[in-house]
Amino acid sequence: MDKLTLITTYYNNPMMLRKQIETWSRYPLEVWDKLKVIIVDDGTPGLSAKDVFEAMNGMNRLQYINTDIYRIKEDIYNNVGGARNLGFSVVKEGWCLNIDLDHVIRPNDLVALLSKELNPYEYYRLMRYFKDKRVNSHSDTFLMTKKEFWKIGGYDEDMVKYYYKGACHFFRRAMGSVMKGNILADVNIHLYTEELIRDSNPLVNTEKPTNPDVRYTKPYKPQNQLRFNWEKVL
């Protein structure tokens, strides 16, 4: 592929973001001609993504990381779907790798991914490992083009209030109903749980409401996205 944008969201987990930045700093310098990183700070009330990034200023090769940071100006519960919509709205055309912040793609896997020629009308998932043992792939870490993401309609921001059977659930259903999915067996991501990095999942101990009506709803295309105020901060 010619260009790739890595999109991830951040919410009050600075240690996990530091791990990501350290990994990105180890990517071969030549990949940054093809690679862009977009971090969407989902209105975190604590240390912001920009603060974390700037605090690492001076780290070896940090200046080569091609990164933009956007911040949502309000703290909306479980708004990861809205944050992903923002990421896919600001990216230029082309391939996008959406990853949860606790999923790390190591240098050799990033290089392997950039070398691939893929079908732009299909989506792809990556093999996932935890402590170097293979586990199930994760449906919210996926590779697709910006164009196909918006054909689906992105994430329904009316549904972000539900942790289970909410915005992410409906997006996955829509994605599976309109596109062919594949797994890239030779490109891996590595999962970091609270066992490895304490703040890898900042919502782990919060209330997780379930949408009571999900079983009656068919896949649909959401409307009127990005209903929040946001800004580019870096």
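Note on the chain: helix-only mean residue ellipticity at 222 nm, from DSSP H runs of 4+ residues weighted -39500 (n - 2.57) and normalised by residue number, equals -7000 deg cm²/dmol. Counted by neighbouring Cβ atoms within 10 Å, the residues TRP150, TRP24 run from fewest to most as TRP150, TRP24. Each Cα pair under 8 Å and six or more residues apart adds its sequence gap; the mean of these over the residue count of the chain is a relative contact order of 27 percent.
Spacing of the modelled spin labels on ASN57 and ASN108, each 7 Å from Cα toward Cβ, amounts to 3.6 nm. GNM remark for the chain: springs join alpha carbons under 10 Å apart, and the peak mean-square fluctuation among ALA167, ALA83, ALA185 falls on ALA185.
Calculated from the structure at hand, Rg and Dmax of the Cα atoms in Å is found among (i) 16.9, 57; (ii) 16.8, 53; (iii) 24.5, 80 as (ii). The simple spin-label model puts a point 7 Å past each Cα toward its Cβ; for ASP213 and ASP75 those points are separated by 2.9 nm. Our coupling estimate for the range 93-109, obtained by passing each phi through the Karplus curve with A = 6.51, B = -1.76, C = 1.60 and θ = phi - 60°, is 4, x, 6, 10, 9, 8, 10, 5, 5, 7, 10, 10, 9, 6, x, 5, 6 Hz, Gly and Pro reported as x.
Computed over the chain with a Gaussian network model linking Cα atoms closer than 10 Å, the most mobile of ASP51, ASP75, ASP102 is ASP51. Length gained on full extension, ASP33 to LYS221: 64.3 nm, using 0.36 nm per residue less the C-alpha separation.
Legend: distances between Cα atoms for LYS36/LYS232; LYS50/LYS232; LYS19/LYS73; LYS36/LYS147; pairs beyond 22 Å are LYS19/LYS73.
So how strong a dipole does the chain carry about its Cα centre when Lys and Arg Cβ are +1 and Asp and Glu Cβ are -1, to the nearest 20 debye?
So the dipole magnitude of the chain works out to roughly 560 debye.
A Förster radius of 22 Å, combined with the Cβ-Cβ distance separating TYR129 from ASN182, puts the computed FRET efficiency at roughly 0.75. Given the C-alpha centroids of the range 3-81 and the range 111-158, what is the distance between them in whole angstrom? When both Cα centres are located, 18 Å separates them. Compared with the rule-of-thumb size 2.2 N^0.38 Å for a compact globular protein, the range 57-118 has a Cα radius of gyration ratio of 1.37.
Computed from the coordinates by the stated procedures, all read-outs in this text should not be read as laboratory data. Small disclaimer: the values here were computed from a predicted structure and weren't measured. Every residue, glycine among them, receives a Cβ derived from its backbone with ideal geometry; neighbour counts consider all protein chains shown.
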